[in-house]
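Note sheet for the following structure.
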Amino acid sequence: MNNEEIDVLVIGAGAAGAALSWSLTEKGAKVVCLEQGGWIDPSTFPSLEPDYETQLTRGGNFSLSPNFRKRSEDYPVTTDGENPPFVMMFNAVGGSTIHWQGIFPRFHPSDFKVKTLDGVADDWPISYWDLEPYYDLNDKMIGVSGVAGDPANPPRSPRQTPPLPLGKMGNTLVKGFEKLGWHWWVTDHGIISKAYKNRSPCMLHGKCMFGCPMGAKATTDRTYWPLAIEKGAEIRTWSRVKEVTVDKNGKAKGAIYFDKDGNTQEAKAKVVVVCCNGIGTPRLLLNSKSSLFPDGLGNTNGLVGKNFMVHPGLSIKGIFDDVMDGHLGPMGSPLFSHEFYETDKSRGFDRGYMLYGERTFGPLSQTGSIPWGDKHHEAFSEIFPHQVGLTVLADDLPEVTNTVELDKEVVDSNGIAAAKVTYSLSENSKSMLAHASQKATEVLEAAGAKKVIVPAPGNMAHLMGTARMGINEQNSVVDKNNKVHSVSNLFVVDGSSFTTGAGVNPTSTIMALALRAADKIWGKRSEWK
């Protein structure tokens, strides 16, 4: 497809870019996607090697952080603030779904109306019910394992495949929740338990974050992209976008990008959609400066890069006498609890959090602070394989002081300014994490843990909020259809468009938003010129 034929130029081939590109090509649009990484050969996944865990600790080629990997397609991200975040992302066809655990919850209806219900943050300009048909469509497209009927969430369509097994670890947590009389439910996963759409089922390989060679995990290079390409979509890999360009009237014209050889190229299109995640998207918009947009594209109100959210969390471990299987099976979550999800002012904070059982990596990652020397084997044997993980994922309300900016000194390999992320926990988040730490400890002790290890807070690297949705142009970057307020044919479709972060993993909502945005873009095709 040459540049003159492009209807929609999509930047980024991850969860959002893939779903949106498939939907638009299915309708008949001519779509080109620019992706700064390439296709990943499943035979090269570290999950197939016995030393896969060293990818975490030695800056391997598949490390979670681009700052550790330093692959040619990566860009550096500097960090600052009281709680500088650990940044995780992956540049490739499929994006971070390659690394993704596959945990696949939906937002609650209340997550879209936190200002109305709880007097905090801002309401989304759309509701859960606006997204519900797109949640359902996305589930059918990728295949979800789980069980319908969770009383903490609205009814949803039957899951495409049965749930993944709880295992001994999951059943141990069930005992704790049941003893306390607290909510729990089997987790929805974007990992199929039975064959679905020519993909093989999960074989309980246990190394999901290091690549799924059998294709059970719903990475978009295995789900949406083959279908989109069959319909005529084109992916230009190894294409690093420098800036989105505009014409003299302020409409998006296309993008200037570097190809694999470092040559400058230009792609022109009728519509441009940025799908580069909550760090990459504001970085690109801020780098896209012109006489009409001297502070960055879409940044007329100064909000691009503001309100960065990540989901603060705690990975709490219970140590049991019994041998556990937390290092086996899918690396996602066998079960979750929304007992403390909705606001209860008596707890001392607004909104809430999810508790979910989380399987661990292998023995290397479980050593922690185990001493070397005579007591090493004794200390290690107490922990492995006796751990049960219970993770806290806290609703991260937006704070204008948490930001993504352009770094004034650091650049990527093409000389484009790097992203600088500044993040500090709010007082609300600190109170929420303290409460969650206590409740998680209660569950593990009720389940029979002889010892509970509570670490310092971390983050889930769910990159959100930096080009937020809203009705009012004064306090948002995009409208209810993901269109940038100040540019009539520019859209932002990824986690950066989230108004609030909710207390669950974001990928299901990112993909549902992308499918909805595709419908809205196609509905305005008569305005394409």
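The values are calculated or read from the model by the stated rules, or taken from the named source; none is laboratory data. For clarity, every value in this text was computed on a predicted model and none was experimentally measured. Cβ: placed from backbone, ideal geometry, glycine included. Neighbour counts: every protein chain shown. Heavy atoms of the whole protein, side chains included, go into the accessibility calculation; ligands, DNA and RNA do not. Shrake-Rupley method; radii C 1.70, N 1.55, O 1.52, S 1.80 Å.
Spatially, segment 1-51 and segment 451-519 are offset by 20 Å when compared through their Cα centroids.
When 1/r is averaged over all different Cα pairs and the result inverted, which Kirkwood radius in Å belongs to the chain?
Details: mean 1/r = 0.0430 Å⁻¹.
Value: 23.2 Å, from the Cα pair sum.
Near the amide H of S239, within less than 5 Å, lie the amide hydrogens of E35, Q36, G37, all on another chain or at least 5 residues away, with H placed in the peptide plane. In the full protein context, the chain carries 38 Å² of accessible surface per residue, based on a 1.4 Å probe and ignoring ligands, DNA and RNA.
Quick one: work out the % antiparallel among DSSP beta bridges in the chain, nearest 5. Please report the intermediate quantities before stating the final value.
Working: 45 of 65 bridges.
Of all bridge pairs located within the chain, approximately 70 percent are antiparallel.
In terms of packing, defined here as the mean over residues of other Cβ atoms within 10 angstrom, the peptides 437-447, 154-164, 86-96 line up highest first as 86-96, 437-447, 154-164.
Under 37 °C and 0.692 mPa s, how fast does segment 91-248 diffuse according to Stokes-Einstein, given a Kirkwood radius computed over C-alpha pairs? Answer in µm²/s, whole number. Don't jump to the answer; show the numbers that get you there.
Working: Rh = 18.3 Å.
Reported coefficient: 179 µm²/s.
Taking a ≥ b ≥ c as the square roots of the eigenvalues of the alpha-carbon gyration tensor, segment 141-191 is classed oblate because a/c is 1.5 or more while a/b is no larger than b/c. Length gained on full extension, M214 to K375, computed as 0.36 nm times the residue gap minus the Cα-Cα distance: 54.0 nm. Placing one equal scatterer on every Cα of segment 35-95 and applying the Debye formula, the log10 ratio I(q)/I(0) at q = 0.20, 0.27, 0.29 Å⁻¹ is -0.82, -1.23, -1.30.
Taking each pair of distinct Cα atoms in segment 175-239 once, what is the resulting Kirkwood hydrodynamic radius in Å? If you can, show how the numbers build up before the last one.
Values: mean 1/r = 0.0684 Å⁻¹.
One decimal place: 14.6 Å for the Kirkwood radius.
How large is the translational diffusion coefficient of segment 245-375 in µm² per second when you combine the Kirkwood radius over alpha carbon pairs with Stokes-Einstein at 10 °C and 1.306 mPa s? The partial results should precede the final answer.
Working: Rh = 20.5 Å.
Calculated translational D: 78 µm²/s.
Ranked from highest to lowest mean number of other Cβ atoms within 10 Å per residue, what is the order of the peptides 371-381, 313-323? Mind showing how you got there, number by number?
Numbers: 371-381: 10.6, 313-323: 18.5.
Taking the mean over residues of other Cβ atoms within 10 Å, the ranking is 313-323, 371-381.
Geometric descriptor of segment 312-411, per residue, is 197 Å³ (volume of the convex hull of the Cα atoms).
Measuring between their Cα centroids, segment 173-250 and segment 364-435 lie 23 Å from each other.
Placing +1 on the Cβ of every Lys and Arg and -1 on the Cβ of every Asp and Glu, with no other charges, gives segment 260-316 a dipole of roughly 80 debye about its Cα centre.
Taking a ≥ b ≥ c as the square roots of the Cα gyration tensor eigenvalues, with a/c under 1.5 meaning rounded and otherwise prolate when a/b beats b/c, else oblate, which class fits segment 408-456?
Values: a/c = 6.07, a/b = 2.71, b/c = 2.24.
Prolate, because a/c is 1.5 or more and a/b exceeds b/c.
3J(HN,Hα) along segment 494-505: 5, x, 5, 7, 5, 6, 9, x, 6, x, 9, 4 Hz, from the Karplus curve 6.51 cos²θ - 1.76 cosθ + 1.60 with θ = phi - 60°, whole Hz, x for Gly and Pro.
Judged by the gyration tensor of its Cα atoms, with axes a ≥ b ≥ c, segment 3-125 is oblate; a/c meets the 1.5 cut and b/c is at least as large as a/b.
Heavy-atom surface analysis with a 1.4 Å probe gives the chain a carbon and sulfur content of 50 percent of its accessible area.
Ordering of 426-435, 456-465, 140-149 by packing is 456-465, 140-149, 426-435, highest average first (other Cβ atoms within 10 Å, averaged per residue).
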